1. For the stretch 220-244, name all the residues that are of a type outside the set (Lys, Arg), in a loop (DSSP other than H, G, I, E, B) and under 22 Å from residue 284 (Cα atoms).
2. In the stretch 50-90, which residue that is more than 22 Å from residue 3 (Cβ to Cβ) and not small (Gly, Ala, Ser) is nearest to the chain's Cα centre (by Cα)?
3. May I ask you to list the residues in the stretch 314-340 that are small (Gly, Ala, Ser) and either crowded, with 20+ Cβ neighbours inside 10 Å or under 26 Å from the mean Cα position of the chain (by Cα) (or both)?
4. Answer with yes or no whether residue 166 is under 27 Å from the mean Cα position of the chain (by Cα) and closer than 26 Å to residue 339 by Cα.
5. With the requirement that a residue be free of Cβ contacts under 8 Å to residues at least 24 places away in the same chain, of a type in the set (A, V, I, L, M) and closer than 19 Å to residue 179 by Cβ, what does the stretch 104-142 give you?
6. Is it the case, given these coordinates, that residue 301 is among the polar types (S, T, N, Q) and either modelled with pLDDT under 90 or not assigned by TED's automatic domain parsing to the domain that holds residue 261 (or both)?
7. Kindly check whether there is at least one residue in the stretch 127-138 that is within 23 Å of the chain's Cα centre (by Cα), under 14 Å from residue 105 (Cβ atoms), of a type in the set (Ser, Thr, Tyr) and in the same structural domain as residue 109 (by TED's automatic domain parsing).
8. Going through the stretch 138-158 one residue at a time, which ones are assigned to a loop (DSSP other than H, G, I, E, B), in contact with a Phe, Trp or Tyr (Cβ under 9 Å, 6 or more places away or on another chain) and surrounded by fewer than 17 Cβ atoms within 10 Å (Cβ to Cβ)?
Amino acid sequence: MALTDTFVRSAKPRGANSKEKYTDGGGMYLLVMSSGKYWRMDYRFSGKRKTLALGVYPETSIVKARKRREAARELLAEGLDPSAAKAEERQIQSAAAANTFEAVARDFHATKAAGWSEGHATKWLRMNELYLFPQIGALPLKSIKTPTLLAALRKVETKGILSTAQDLQAMVGQVFRFGIQTGRCERNPATDLRGALKPHVAKHFSAILDPVDAGAMLRAIDGYTGQPATLAALKLSALFFQRPGNIRAMEWAWVDVDKKLLSIPAKEMKSTLHAKLNGKAHLVPLARQAIEILNSIKPLTGHGRYVFPGARSTDRPMSDGTINAALRRLDYGNDEHVAHGFRAMARTMMAERLSGIPQEMVEAQLGHGKSGPLGNAYDRSEYMLQRQQMMQTWADYLDKLRIGADVIPLRTGT
């Protein structure tokens, strides 16, 4: 007699360790235990008695259990073992779960992150989590076609963040190449995306490049009435022309007034992980004006770690938005001049207004890759005298701009 749903729902075990079996025909039965109700099917294959699990009630209803029984009987009729077929299906599903875009992307990230900088590794994974995993993360890698990729990237493109869309396109290619290498797909559909996205034209950081305008800005900075540490950071940003992150995170341990030198540890520089771990400190010679500013701020912050500590905690450096906020307070908007613009201002004016300074030396001081045969030397101690002269020449030039004097190109040793 076939079971009914009412009977199955009301069936209970007779004791804590009892096992009641209620048959439904065709080898299927309901096994009732204190731990739950289980659908099972007994059958014979190759002369051996076997049992196939059909599901757990109520997740698997009596109707669904019967469908699974009939499917198993069809396999038996074809000479196939239902248990073996079920195990194979589990393997296929497990492999599919391990080979989704998200799974392969995370595997790639785990494999490569040790060789990346911490910032790049964090950014790579975060961008995928934000933009790609919600769209294609659950899809098996081998099932993803080029139009599917394009649709996912188009959603990013429509937000107006074209550079992010381009970066994601490159990341997709990395994941598929890794998938090919690890045998989880056979081709890279990202290669067919070339030219499909809107081009991104890099926008330079806003910077004042005209000497007269630069002089006006320097005078405005002198009149800044905010926090003394912020004023000092503004002035040193112009004198050092280092990356804003290195300015705001500057530590007193990096400063050697006696040697007239600021030494930024390699790990703090924007570079590869290998360079961060094995490179030498980035040296910034201190002009007389820079030393005066540092001496003026030391009574205020010299007791702590950072030259420019945070407003809320001295255990953290100044916020990354402080300098730009101060510039806006001085009426210099993001379309006129930003913290990063001091680097472009120095690079341009030194090339156009100060003769005799090798471009390789300027690039080395900016912390850029070295292009000339003497580039690596300029970034170290061999040319320290020339670099000190360059930084003092730049500081003196800024003073001339500040007072509005006639600017005559200055010369320095090479």
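The values are calculated or read from the model by the stated rules, or taken from the named source; none is laboratory data. Since the structure is predicted, the reported quantities are computational estimates derived from the model, not experimental observations. Here the Cβ is made from the backbone with ideal geometry for all residues, glycine too, and neighbour counts use every protein chain on show.
1. Filtering the stretch 220-244 down to residues of a type outside the set (Lys, Arg) leaves 220-234, 236-242, 244.
Retained after the next criterion (residues that are in a loop (DSSP other than H, G, I, E, B)): 223-227, 241-242.
Those that are of a type outside the set (Lys, Arg), in a loop (DSSP other than H, G, I, E, B) and under 22 Å from residue 284 (Cα atoms): 241, 242.
2. Pass one, the stretch 50-90, residues more than 22 Å from residue 3 (Cβ to Cβ): 75, 77-81, 83-90.
Remaining after also requiring not small (Gly, Ala, Ser): 75, 78, 80-81, 86, 88-90.
Details: 75: 50, 78: 53, 80: 50, 81: 49, 86: 41, 88: 38, 89: 37, 90: 35 Å.
Per the stated criteria, the residue is 90.
3. Here is the first cut: in the stretch 314-340, the ones small (Gly, Ala, Ser) are 319, 321, 325-326, 333, 339.
The answer is 319, 321, 325, 326, 339.
4. On the way: under 27 Å from the mean Cα position of the chain (by Cα): yes; closer than 26 Å to residue 339 by Cα: yes.
It is true that residue 166 is under 27 Å from the mean Cα position of the chain (by Cα) and closer than 26 Å to residue 339 by Cα.
5. Hits for the stretch 104-142 are 110, 113, 125.
6. Numbers: among the polar types (S, T, N, Q): yes; either modelled with pLDDT under 90 or not assigned by TED's automatic domain parsing to the domain that holds residue 261 (or both): no.
Taking the combined requirement at face value, the residue does not satisfy it.
7. Step one: list which residues in the stretch 127-138 are within 23 Å of the chain's Cα centre (by Cα), which gives 127-138.
If we keep only those that are under 14 Å from residue 105 (Cβ atoms) too, we end up with 127-138.
Those left that are additionally of a type in the set (Ser, Thr, Tyr): 131.
Retained after the next criterion (residues that are in the same structural domain as residue 109 (by TED's automatic domain parsing)): 131.
Yes - at least one qualifying residue is present in the stretch 127-138.
8. First pass over the stretch 138-158, keeping only residues assigned to a loop (DSSP other than H, G, I, E, B): 138-139, 144-145, 158.
Among the residues that remain, those that are also in contact with a Phe, Trp or Tyr (Cβ under 9 Å, 6 or more places away or on another chain) are: 138-139, 144.
Residue satisfying the conditions is 138 alone.
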